[in-house]
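The values are calculated or read from the model by the stated rules, or taken from the named source; none is laboratory data. Computed from a prediction, not measured in an experiment: that's the story for all the values here. Glycine also receives a Cβ, built like all others from the backbone with ideal geometry; neighbour counts cover every protein chain displayed.
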Amino acid sequence: MNIKANISNILNDLDEKVQLVAVSKTKPNNYILEAYQAGQRIFGENKVQELVKKHNILPNDIQWHMIGHLQTNKVKYIAPFVSLIHSVDSKKLLIEIDKRAKQNDRVIHCLLQIHIAQESNKFGLNENEALELLEMNLSNISIDGLMGMATFTDDKRQIRSEFKSLKNTFEKVRREFNNLFILSMGMSGDYDIAIKEGSNMIRIGSSIFGSR
């Protein structure tokens, strides 16, 4: 497996406006270093414990993104260093992130996770809940955009429709809150559809590091 070539192939497909988050969850540090040496600086993890361990060992100019479901009692562990939290799905979580950001004298950048999939086990807010959080105006939080995950299916029409609905929500919300600029949608199996539907941040794991 050639991680450098995989990254290069993906970047060749991308417009320069689209940011690549290399999803390094469950992957060993030597894989991450190989991607780092290929120029990749943004990595996504979905477990707090693993994220903290990797942050403590790996180069300090890596931008770590928390992409998995985040419990409020775990926020304190990543608050000192996390670059972006993709998965804000409740008022309670946002208030906790703000509190921990304040304690660390920093502003933490966040995305609101919108529920677009048909699976009920996926987390996320609806449009009205997202607007409520955007109106909170917490001093140590910067809400930079929205994130969503499509249904796990081979039906490309369904995936396209779900991404389209998230893009519509993004545009609607942005009319009121014009500081939003990130639309994070698309993973290894569907990022090409996501980009066509307006994504400017994709989360790619298996296409870079191989399947788990």
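Filtering region 100-111 down to residues that are assigned to a strand (DSSP E or B) and touching a Ser or Thr at 6+ places or on another chain (Cβ under 6 Å), which residue is surrounded by the fewest Cβ atoms within 10 Å (Cβ to Cβ)? Taking the candidates together, the pick is His109.
Rundown of residues vs (1) farther than 22 Å from Ile195 by Cβ; (2) without any contact (Cβ under 8 Å) to a residue 24 or more places away in the chain; (3) in contact with a strand residue (DSSP E or B) (Cβ under 9 Å, 6 or more places away or on another chain); (4) surrounded by fewer than 22 Cβ atoms within 10 Å (Cβ to Cβ), yes/no style:
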residue	(1), (2), (3), (4)
Asp98	yes, no, yes, yes
Gln113	no, no, yes, no
Glu135	yes, yes, no, yes
Met147	no, no, yes, no
Ala150	no, no, no, no
Asp154	no, yes, no, yes
Arg157	no, yes, no, yes
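Val75 meets all of the listed conditions (1) aliphatic (A, V, I, L, M); (2) over 15 Å from the mean Cα position of the chain (by Cα); (3) outside any helix (DSSP H, G or I) but one, namely (3). Report whether or not His65 is touching an Asp or Glu at 6+ places or on another chain (Cβ under 8 Å), surrounded by fewer than 22 Cβ atoms within 10 Å (Cβ to Cβ) and within 30 Å of Gln37 (Cβ to Cβ). No; evaluated as a whole, the condition is false for this residue.
Can you tell me which residues in region 1-50 are assigned to a loop (DSSP other than H, G, I, E, B), under 16 Å from the mean Cα position of the chain (by Cα) and surrounded by fewer than 19 Cβ atoms within 10 Å (Cβ to Cβ)? Even if it seems obvious, please write down each step before you answer.
First, the residues of region 1-50 that are assigned to a loop (DSSP other than H, G, I, E, B): 1-2, 14-18, 24-28, 38-41, 46-47.
Checking which are under 16 Å from the mean Cα position of the chain (by Cα) leaves us with 17-18, 24-25, 40-41, 46-47.
Residues satisfying the conditions are Lys17, Val18, Lys25, Arg41, Lys47.
Quick check on Leu94: is it surrounded by 13 or more Cβ atoms within 10 Å (Cβ to Cβ), of a type outside the set (S, T, N, Q), modelled with pLDDT under 95 and in a helix (DSSP H, G or I)? No: the conditions fail for Leu94.
Working carefully through the options Gln103, Gln118, find the one that is at pLDDT below 95 and more than 16 Å from the chain's Cα centre (by Cα). One residue alone meets the criteria, Gln118. For the residues Val21, Val75, the requirement of being under 26 Å from Asp155 (Cα atoms) and among the hydrophobic types (A, V, I, L, M, F, W, C) singles out Val21.
Counting only residues that are crowded, with 16+ Cβ neighbours inside 10 Å, more than 20 Å from Asp155 (Cα to Cα) and not small (Gly, Ala, Ser), region 175-202 holds 5 of them.
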